[in-house]
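Only one structure is covered here, and it is reproduced in the block below.
The values are calculated or read from the model by the stated rules, or taken from the named source; none is laboratory data. From a predicted model like this one, the values you see are computed outputs, not experimental measurements. Every residue, glycine among them, receives a Cβ derived from its backbone with ideal geometry; neighbour counts consider all protein chains shown.
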Amino acid sequence: MELININFKEFKEEVYQKYIEIFPEEERKSLETIEKNYNKNITSFIKIAEANKLIGFLIMNSIENNRYMQLDYFAILPEYQNKGHGTKAIKELKNLISNYDAIFVEIEKLGCGANKTDNEIREKRAKFYERLGFHKLNSNLKWFNSLFLSIYCLNLSKNQTYDEKEILNNIFEIYYKVHGRKKVNENCEIIK
């Protein structure tokens, strides 16, 4: 398996259609928003390949002077799932971004799915990240009055520990750059 940094053009040509197929419309960002954040050096892309064939991808957000990275989208293509590729990809990612203090990911809050299957998928996703060393923050987020998210964070720095307030401050700095301060302030609420 290889993790290959790609540019926006490569993302658009090789990955974007898979992104559309995998993520529900309400969870996706527009191609224009992705391109805008890429051009601002906020969004980056990694193609996960095996024998030069696309098997998955990572879309990450980070900003200058912030040592946290948001794993915004992560997917292994359906035909390659349940074969250890996801675990291997996250372990490789940790090596690639060792200059960061932490990676964070949002997961839809457990037990709040539309049905039993949805809740089982959320539980499986949470267990996956927990097995890799991510820990769930005590706070949750409420987006647009309806989407409840839990934040899982993986500390990459062996010498430092962080309190939740510091973690949330770093996360919100990234949100402000990605979504705009006004949109975040109007539509995102921290729930204890």
_For residue 42, only one of the following conditions fails: (1) farther than 26 Å from residue 157 by Cα; (2) surrounded by 16 or more Cβ atoms within 10 Å (Cβ to Cβ). What is its number?_
(1)
_Would you confirm whether or not the range 67-74 contains a residue that is outside any strand (DSSP E or B), hydrophobic (A, V, I, L, M, F, W, C) and surrounded by 14 or more Cβ atoms within 10 Å (Cβ to Cβ)?_
no
_With more than 28 Å from residue 7 (Cα to Cα), out of contact with any Leu (no Cβ under 9 Å at 6 or more places or on another chain) and at pLDDT below 90 as the only criterion, which of 124, 109, 116 stands out?_
116
*asked:* Suppose we filter 168, 141, 149, 110 for residues that are in a loop (DSSP other than H, G, I, E, B), surrounded by 14 or more Cβ atoms within 10 Å (Cβ to Cβ) and of a type in the set (A, V, I, L, M); which single one remains?
replied: 110
*May I ask you to list pairs of residues, at least six apart or on different chains, whose Cβ atoms are under 8 Å apart, with the first in the range 90-105 being surrounded by fewer than 16 Cβ atoms within 10 Å (Cβ to Cβ) and the second being at pLDDT below 90 and hydrophobic (A, V, I, L, M, F, W, C)?*
94/156; 98/156
_Which listed residue is modelled with pLDDT under 90 and farther than 24 Å from residue 101 by Cα, from 155, 145, 185_ = 145
*Considering each residue of the range 74-125, count those that are within 21 Å of residue 49 (Cβ to Cβ) and in contact with a helix residue (DSSP H, G or I) (Cβ under 7 Å, 6 or more places away or on another chain), and give that number.*
4
*From the options 88, 83, residue that is of a type in the set (D, E, K, R) and assigned to a helix (DSSP H, G or I)*: 88
*Starting from residues that are among the small types (Gly, Ala, Ser) and within 16 Å of the chain's Cα centre (by Cα), keep the ones in the range 113-138 and report whichever is surrounded by the fewest Cβ atoms within 10 Å (Cβ to Cβ).*
133
*asked:* Of everything in the range 12-52, what is under 14 Å from the mean Cα position of the chain (by Cα) and among the polar types (S, T, N, Q)? Give them in sequence order.
replied: 43, 44
